[in-house]
Amino acid sequence: MHPNPTFRQTDRDTALALVRARSFGVLTLSTEGAPLLAHVPFLLSESGTKADLHLVRSNPIARSCATPQPVTLVASGPDGYVSPDWYGIDDQVPTWNYTAVHLIGTLHPRPVSELEPLLAAQSAAFETRLPDKAPWTMDKMSAETKARFLRMILPFRLEITEVQSTFKLGQNKPEEVRLAAADRLSEGFGSELQALARDMRDPLTAK
């Protein structure tokens, strides 16, 4: 996480709101060589103390987590380049604003019997976000396709012990300077610039 404490004072509920809205992140596991990473969808519990996910059996993290292992799950929000010229004051430097949350804890393998309910819960949660359509359900799959699909993946649960976050939104600048930069973000590049500009305008309630 960013070393400047100004960017790390986001309350836990705000950080978890970003995680829950994303429902997708990078799962990381330390090894003797380079860390192992997997891009995974997940379901965060209402309490924010656990996240359920699945991995393909052949995924190196799945093979390494036959027993519980310490991991970090990273969820990222909007991000974008900020030009010093946008602040409207002199003697500034380029930067990159962003939001990110780290969920730190232990990844536990779960019984295979929990796989189908997990997948049904995931698809139900994600399908309800789609407007104007009947939700997709697993009963739309043929028995053969469903059986093949279930053989390929394994269920896991992340027991979360720590939530770390960085909401780097120009809080170290005077308000009028931060707002001036937010107004110019659309001229730049990054990911979800409108959302980033919104968060910069009100960094205390960024979600």
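The values are calculated or read from the model by the stated rules, or taken from the named source; none is laboratory data. Predicted model, so just to flag it, every value in this text is computed and none were measured. All Cβ positions, glycine included, derive from the backbone under ideal geometry; neighbour counts span all protein chains shown.
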Leading residue by the ranking (surrounded by the most Cβ atoms within 10 Å (Cβ to Cβ)) among those in region 3-20 that are of a type in the set (S, T, N, Q) and either free of Cβ contacts under 8 Å to residues at least 12 places away in the same chain or assigned to a loop (DSSP other than H, G, I, E, B) (or both)
Thr10
Can you tell me which of (1) surrounded by fewer than 14 Cβ atoms within 10 Å (Cβ to Cβ); (2) of a type outside the set (Asp, Glu); (3) in a loop (DSSP other than H, G, I, E, B) is the one Ala121 doesn't meet?
(3)
Sort out for me the helices (runs of 4 or more DSSP H) sitting completely within region 135-207 that have 3 or more residues that are under 20 Å from Ala21 (Cα atoms) and touching a helix residue (DSSP H, G or I) at 6+ places or on another chain (Cβ under 9 Å).
193-201
Just for region 148-201: of the residues that are closer than 30 Å to Cys65 by Cα and among the hydroxyl-bearing types (Ser, Thr, Tyr), which one is surrounded by the most Cβ atoms within 10 Å (Cβ to Cβ)?
Ser165
Considering only residues that are crowded, with 19+ Cβ neighbours inside 10 Å and not in a helix (DSSP H, G or I), which ones fall in region 80-100?
Gly80, Val82, Asn97, Tyr98, Thr99, Ala100
Go through Ala75, Ala62, Ala38 for me and flag whichever is out of contact with any Cys (no Cβ under 8 Å at 6 or more places or on another chain), at pLDDT 95 or above, surrounded by 13 or more Cβ atoms within 10 Å (Cβ to Cβ) and within 20 Å of Leu204 (Cα to Cα).
Ala75
Test each condition in (1) without any contact (Cβ under 8 Å) to a residue 12 or more places away in the chain; (2) over 16 Å from the mean Cα position of the chain (by Cα) for Tyr87 and report the one that comes out false.
(1)
Test each condition in (1) assigned to a strand (DSSP E or B); (2) closer than 16 Å to His2 by Cβ for His108 and report the one that comes out false.
(2)
Taking the options Ser30, Ser23, Ser47, name whichever one is within 20 Å of the chain's Cα centre (by Cα), over 17 Å from Lys168 (Cβ atoms) and free of Cβ contacts under 8 Å to residues at least 24 places away in the same chain.
Ser47
The one condition Leu44 fails out of (1) within 21 Å of Leu119 (Cβ to Cβ); (2) surrounded by fewer than 18 Cβ atoms within 10 Å (Cβ to Cβ); (3) not hydroxyl-bearing (Ser, Thr, Tyr) is (2)
